[in-house]
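Below you'll find the structure, written out as structure tokens, and then a few comments.
Values in this text are rule-based calculations from the coordinates and carry no lab data. Just so we're clear, the structure is a prediction, and the values are computed from it rather than from any experiment. Reconstructed Cβ throughout: ideal geometry from the backbone, glycine too, with neighbour counts over all protein chains shown.
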Amino acid sequence: MKLAETGLTFVCQKIKWPDFINVAVEVGWESRFTSPMAIRHCFDKDVDQVLFEGNSSVKRVILNRPHKLNSLSYHMIFQMIKELKAFEADPKVKIVILKGNGKAFCAGGDVLASYTCLVAGHWSYGTNFYKKQAMLDYLVATYGKPVVAIIDGIVMGGGAGLSLQATFRIVTENTVFAMPETAIGHFADVGSSYFLSRLPGFYGCPFVGNCTR
């Protein structure tokens with residue numbers, strides 16, 4: 001059953017441009033590249049990258065960059081941490097649902113944005129991006145309320161870290177899973193070396209390079 005069929009009323013919260021400045025402060029950029037224009041070039045210009053919908057008891061977190069397969073920007077991670085903490089602290093909220101718009105749940109971190117910031121001189125961007133991504137994954141993994149991840153479509157890398165940490169994981173006939181890091185000799189991050197190596201029958205071993213017991 002779709003949530004819309006339950007008669008629940010949802011109110012959409014949209015992310016506004018001024019929050020980009022908050023992100024810049026959070027990252028801690030200290031160079032001449034901290035002008036608003038330089039900051040904007042390190043982020044997707046669409047302001048509705050994540051949608052937060054819901055009534056008092058059911059909240060939905062919707063990744064909304066379908067043209068980029070919902071790849072995670074720093075702005076998205078920053079906003080999700082902020083809202084998820086608020087939902088967890090709200091006694092009226094009983095469950096949180098994660099999903100993505102378009103043909104992907106999430107294709108991982110926005111590597112292009114990291115590269116763009118690096119060549120522009122924002123050396124701290126990459127470190128802070130992956131630090132915050134790990135914080136988001138840990139928040140979902142230790143969340144005090146049920147989290148349901150609807151993994152419809154492509155899920156890779158950071159998208160796997162976000163969704164597979166959830167309390168309940170729902171896949172569909174459209175789900176395509178990958179951890180491309182291991183194919184180029186990188187360590188399987190975002191917690192995947194833990195949960196993939198412990199799947200029944202060692203099914204996840206190829207995704208992490210070997211088995212950890």
### Inter-label distance, nm, simple model (7 Å from Cα along the C-beta direction), T167/A134
2.7 nm
### Task
Enumerate the calculated ³J(HN,Hα) couplings along region 58-64 in order (Karplus 6.51 cos²θ - 1.76 cosθ + 1.60, θ = phi - 60°), each rounded to whole Hz, writing x wherever the residue is Gly or Pro.
10, 10, 10, 10, 10, 5, 10
#### Entry: Ranked by how many other beta carbons lie within 10 Å on average, peptides 67-73, 85-91, 161-167, 136-142 from highest
161-167, 67-73, 136-142, 85-91
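For N174 and K92 in one chain, what is 0.36 nm times their gap in residues minus the Cα-Cα distance, to one decimal in nm?
Values: separation 82, 0.36 × 82 = 29.52 nm, distance 3.32 nm.
Between N174 and K92, full extension yields an extra 26.2 nm.
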